[in-house]
């Protein structure tokens, strides 16, 4: 298996449907990747056939971008192409289209008009066979292999496109059982939406794995915090017309620790920064680097060795064994009426390996980050002078300072531009920077940057920070204390208090949700340095702790 996974086919479903009807010589496909994941590990241990250590036919991806034509539509389509070829005086193309028209006429009874939705339903319900054909150098058929597939799962990330993973029929049962943890899904009122969302969690692309004993995970019942404020509610009148209704003292709710976890620094990967995003069976959580055991030792003192806490199921855990704290919102299996012990057994089956999807990483632009046009559009026009200062100064530096320009070329280099070629020419001969070609090229590159600037791609001294909600309150809650005792981040009249190593104490920060939708997504934050936060949390410069207790932050940031 390759470094990033194993290669598979990504087939356009409508063309395969027509191929199987005998209407096409070939179906359309492109190369794709079954990326490294917990699912890939399972398949590799359970009979996945890999060819040349890099590709497999046991798994295939289908896309449903269009449907199939009726014979009448096919005739009209080919006639249109023929007219275009005649207009362009393309004789070879006309001959080819004429042959296609003859073939279509012979097979006119085989044409079936299907929408992409109908084809998807057929594939989902009945499965599909794919014929893999190899050819000789002369173009003759050398070998053919027919593989029957069944629908396995539809990735949440591909929901809009409708692409879906299918698996060889012989691997289907054991793989489906792995994805569902063997849960007996009811045939009536099947929770299709929930299953579609949570089954693929073990198929998420991972960059690494971490071993966590599930018995050492403390799962708590999440708690809510409330906050009263003035809101604008969009309602409808008796004529079904929308209108804005201002409500005073409206009560908002924060689920305090939703989807987050605190992981002990002793097992936190050394190559990660601040947090790791974890996946396992029906489980997803962002785990933040925390000195858990240090906190327990400080809290329990001489009783540390024998101190225990209970989880939400009534199970007792010695605090000295706890490696991770999370809440019920991270454990999606709770929605399927299975026990804590059952889930633990499934985790033990893969040696307690949790997949790490991602961690914090520095912006490739260094200390700056580009704003989106949505962010710019929600700012007051009279603030734009201050907003664009950083961009204007940077563009002026690019114009005047070749060293700054060279660094920009290195940073924005990719396979589709010539930036590294320019850099290497200058490094080989510094006088090249004075050549007419280089000066013209530099002028065009800066002009493109200015055009992007005008479209709202304004740079700021900023970065993308991952949020964790009131983490010290979560520690207190784990040992049975009231979250109100958290004095690290508290309600503030002027702003929402936060803690990050990225900014100084007392510094005010403009926070924008990503993706940014409207003005309500702008957060006014105030950075508070705290000895307690610094002692128990290793968040680094790319994470930020925010106060979710008695604030409106979750509503402002859409959860």
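The table for this structure:
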{"item": "Span per principal axis, largest first, for the Cα atoms of region 431-512 (Å)", "result": "71, 27, 20"}
{"item": "Alpha carbon Rg of region 209-343, scaled by the compact-globule rule 2.2 N^0.38 Å", "result": "1.41"}
{"item": "P(r) weight above 22 Å for region 142-256, C-alpha pairs, percent", "result": "65"}
{"item": "Region 1-117 - Rg (one decimal) and Dmax (whole number), Cα, Å", "result": "19.4, 58"}
{"item": "Translational D in µm²/s for region 263-419 (Stokes-Einstein at 20 °C, 1.002 mPa s, Kirkwood Rh from C-alpha pairs)", "result": "104"}
{"item": "Radius of gyration, Dmax [region 50-135; alpha carbons; angstrom]", "result": "17.7, 50"}
{"item": "Percentage of interatomic Cα-Cα distances in region 452-559 larger than 18 Å", "result": "50"}
{"item": "q = 0.21, 0.28, 0.30 Å⁻¹, region 16-62: log10 I(q)/I(0) [Debye, one scatterer per Cα]", "result": "-0.80, -1.07, -1.16"}
{"item": "Reciprocal mean inverse distance between Cα atoms of region 371-461 - Kirkwood radius, Å", "result": "14.4"}
{"item": "Bins of 20 Å from zero: percent of alpha-carbon pairs in the chain", "result": "16, 38, 37, 9, 0"}
{"item": "P(r) weight above 18 Å for region 169-233, C-alpha pairs, percent", "result": "67"}
{"item": "Histogram of C-alpha separations across region 499-559, 10 Å bin width, %", "result": "21, 49, 27, 2"}
{"item": "Taking 263, 446 and counting other C-beta atoms within 10 Å, the order from fewest to most", "result": "446, 263"}
{"item": "Mean Cα-pair separation over length for region 1-135, i.e. relative contact order, pairs under 8 Å, 6 or more apart, %", "result": "29"}
{"item": "Solvent-free Debye scattering, log10 I(q)/I(0), computed from the Cα coordinates of region 47-92 at q = 0.16, 0.23 Å⁻¹", "result": "-0.67, -0.86"}
{"item": "Antiparallel %, DSSP beta bridges [both residues in the chain], to 5", "result": "75"}
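The numbers here are math on the coordinates, done by the rules we state, and not lab data. What you see is a predicted model, and the numbers here were worked out from it, not measured in a lab. Positions of Cβ are backbone-derived with ideal geometry, glycine not excepted, and every protein chain shown enters the neighbour counts.
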